[in-house]
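Novice: The structure that follows is given in the form of structure tokens.
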């Protein structure tokens, strides 16, 4: 890869952090967005296993609460797009319309919502590929999972890695709509911290030894709360609805930012200077999300990954961790 090595070792240092698993390495971190969801139905143990095999540094888990206060791994609280819920008549009575208070504002949606289901009911569902143009041959084979199952799998994976003196796999955790769920009686922040402490990864030292943990959220208030009760690394997710002018404020609360790619590249795919600005405020930058099969017109995956290297991104969320591993290789 013609100019990668020079770029890697000239990268600007991001925010100094005491998290050993987020210190600068010789390539950007590969964060498997919902697992290897370009190939496998998202947020399943199987998608995480494949991502691990593809050299991901972290697997990402989005969390929403069930009716019986279990944290379910799903991109949001709707079950329509990721499960076979519409094929199961026993749950037809739970079909409803809700208005959700999100960082985007109020959103009205119709379907089946995780918070109306018990964990036992959710275990009756089977996962499917969200995007119709991606492989469907594994639809309806895998269960939905909890964060407890995710951590149990990741920690056991790391026990094997420790035996082989290999780098630990991390879990990058996002709470979805915490303000909304708090208003409905779900203390999701405390629920998550309870699970992390139960598995012995609730603080930086223990996470460094067993399973690297990063906490991310689109809601800054939740990250402020976490900054007061845990020393785990925190990442503020931002998109076009959230301004970048307050980056100095973010840097007093979080260790890093996760901007959408529109912050990193303009329409001509030239760098915007956002990453350099974040670095100057001692924030590491993990943009989202690289989808090899959904690219700007005229672009190709290799070009996009190389541009991320050129812009000194510290990591990338990707649906295709194998591509990131290939294009970030120094060999």
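Bear in mind these aren't lab numbers, they're just calculated from the coordinates by the rules spelled out. In this text the structure is predicted, and so the values were computed from the model without any measurement. Backbone-built Cβ (ideal geometry, glycine too); neighbour counts: all protein chains shown.
Novice: Quick one: would you say residue 196 is surrounded by 21 or more Cβ atoms within 10 Å (Cβ to Cβ) and part of a helix (DSSP H, G or I)? Can you show your working first?
Specialist: Working: surrounded by 21 or more Cβ atoms within 10 Å (Cβ to Cβ): yes; part of a helix (DSSP H, G or I): yes.
Answer is yes for this residue.
Novice: So residue 84 fits all but one of (1) touching a strand residue (DSSP E or B) at 6+ places or on another chain (Cβ under 9 Å); (2) under 25 Å from residue 189 (Cα atoms); what number is the exception?
Specialist: In the conditions (1) touching a strand residue (DSSP E or B) at 6+ places or on another chain (Cβ under 9 Å); (2) under 25 Å from residue 189 (Cα atoms), residue 84 misses (2) alone.
Novice: Somewhere in segment 245-255, is a residue part of a loop (DSSP other than H, G, I, E, B), touching a residue at least 60 places away in the same chain (Cβ under 8 Å) and crowded, with 19+ Cβ neighbours inside 10 Å?
Specialist: Taking segment 245-255 as the starting set, the residues that turn out to be part of a loop (DSSP other than H, G, I, E, B) are 245-246, 251-255.
With touching a residue at least 60 places away in the same chain (Cβ under 8 Å) added as a condition, the list becomes 251, 255.
Next, only the ones that are crowded, with 19+ Cβ neighbours inside 10 Å stay: 255.
Yes, there is a match, as at least one residue in segment 245-255 is part of a loop (DSSP other than H, G, I, E, B), touching a residue at least 60 places away in the same chain (Cβ under 8 Å) and crowded, with 19+ Cβ neighbours inside 10 Å.
Novice: Moving on to the next point. Restricting to segment 159-173, give me the number of residues that are in contact with a strand residue (DSSP E or B) (Cβ under 9 Å, 6 or more places away or on another chain) and surrounded by fewer than 20 Cβ atoms within 10 Å (Cβ to Cβ). Full working, then the answer.
Specialist: Initially, segment 159-173 is screened for residues in contact with a strand residue (DSSP E or B) (Cβ under 9 Å, 6 or more places away or on another chain), giving 169-173.
Filter again for surrounded by fewer than 20 Cβ atoms within 10 Å (Cβ to Cβ), leaving none.
Summing the residues that are in contact with a strand residue (DSSP E or B) (Cβ under 9 Å, 6 or more places away or on another chain) and surrounded by fewer than 20 Cβ atoms within 10 Å (Cβ to Cβ) in segment 159-173 gives 0.
Novice: Are any residues in segment 157-193 outside any loop (DSSP other than H, G, I, E, B) and either at positive phi or without any contact (Cβ under 8 Å) to a residue 12 or more places away in the chain (or both), and if so, which ones? Steps first, please.
Specialist: Taking segment 157-193 and keeping what is outside any loop (DSSP other than H, G, I, E, B), we get 157-163, 170-175, 178-183, 188-193.
Within segment 157-193, 159, 160, 161, 162, 163, 182, 190 qualify.
Novice: Right, next: If we keep just the residues of segment 93-111 that are in contact (Cβ under 8 Å) with a residue 24 or more places away in the chain and not in a strand (DSSP E or B), which is surrounded by the most Cβ atoms within 10 Å (Cβ to Cβ)?
Specialist: Top of the filtered list is 103.
Novice: Another question about this same structure. Scan segment 256-280 for residues that are out of contact with any strand residue (DSSP E or B) (no Cβ under 9 Å at 6 or more places or on another chain) and in a loop (DSSP other than H, G, I, E, B) and jot them down. Show your work before the answer.
Specialist: Quick first cut of segment 256-280, residues out of contact with any strand residue (DSSP E or B) (no Cβ under 9 Å at 6 or more places or on another chain) only: 262, 266-270, 273, 276-277, 280.
Those that are out of contact with any strand residue (DSSP E or B) (no Cβ under 9 Å at 6 or more places or on another chain) and in a loop (DSSP other than H, G, I, E, B): 266, 267, 268, 269, 270, 273.
Novice: Anything in segment 277-295 that is over 25 Å from residue 20 (Cβ atoms) and surrounded by 14 or more Cβ atoms within 10 Å (Cβ to Cβ)? List them, or say none.
Specialist: Residues of segment 277-295 that are over 25 Å from residue 20 (Cβ atoms), as a first pass: 277, 289-295.
277, 289, 290, 291, 292, 295, listed by residue number.
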